[in-house]
1. Note the full-extension length gain between His15 and Asp49 as 0.36 nm times their separation in residues minus their Cα-Cα distance, in nm to one decimal.
2. Using a 10 Å cut-off on Cβ atoms, rank the peptides 35-48, 7-20 from the highest mean neighbour count down.
3. Near Arg63, within a Cβ-to-Cβ distance under 15 Å, what is the net charge of the other residues, with Lys and Arg +1 and Asp and Glu -1?
4. In nanometres, what is the gap between the two model label sites at Ser80 and Ser107, each 7 Å from Cα along Cα-to-Cβ?
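Read-outs throughout are calculated quantities, based only on the coordinates presented, and are distinct from any laboratory measurement. These numbers come from a predicted model, not from an experiment. Please note: Cβ atoms are built from the backbone with ideal geometry, for glycine as well, and neighbour counts cover all protein chains shown.
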Amino acid sequence: MVVPHHAVGARLARHRLADELADVVPPTLLADLVAVLAELVGNAVRHADPLPGGVVRVAWRLRAAAGGQTVQLRVTDGGSASGPLMRVATPDAVDGRGLHIVSGLASRWGVERDGLGQSVWAEFDPAGSIRPDLVVAG
């Protein structure tokens, strides 16, 4: 889907993702997908140039995998002088935590550049599974 390179673009993308995947993935995974997509689109709007036409391209893909489905989110923008960087945010900082959220919720994430700009992607393995590094023993 294509959304405006504007804060409203994140809202449009979140709602469409939630509508399309509500009956496909578990609710807790859907919440993580929505949160990560909001961060990726928000970062594209704040830190990158738009694609031609003043837009950002948003996509998601489900693939069959052992134990369930893998979900990949991808946000493509016109790029920026510096790629996405995880910053250290102080407790009082009002921003700087977005990629930490992405890293904490997704199984993996990365950046790809091409002639148009850059795509930031996040992948979730298999849909609904618990990441072993996030299990807390009681």
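1. That pair, His15 and Asp49, stretches by 9.9 nm at full extension.
2. Result, highest mean first: 35-48, 7-20.
3. Local net charge: +1.
4. The two pseudo-label positions are separated by 2.8 nm.
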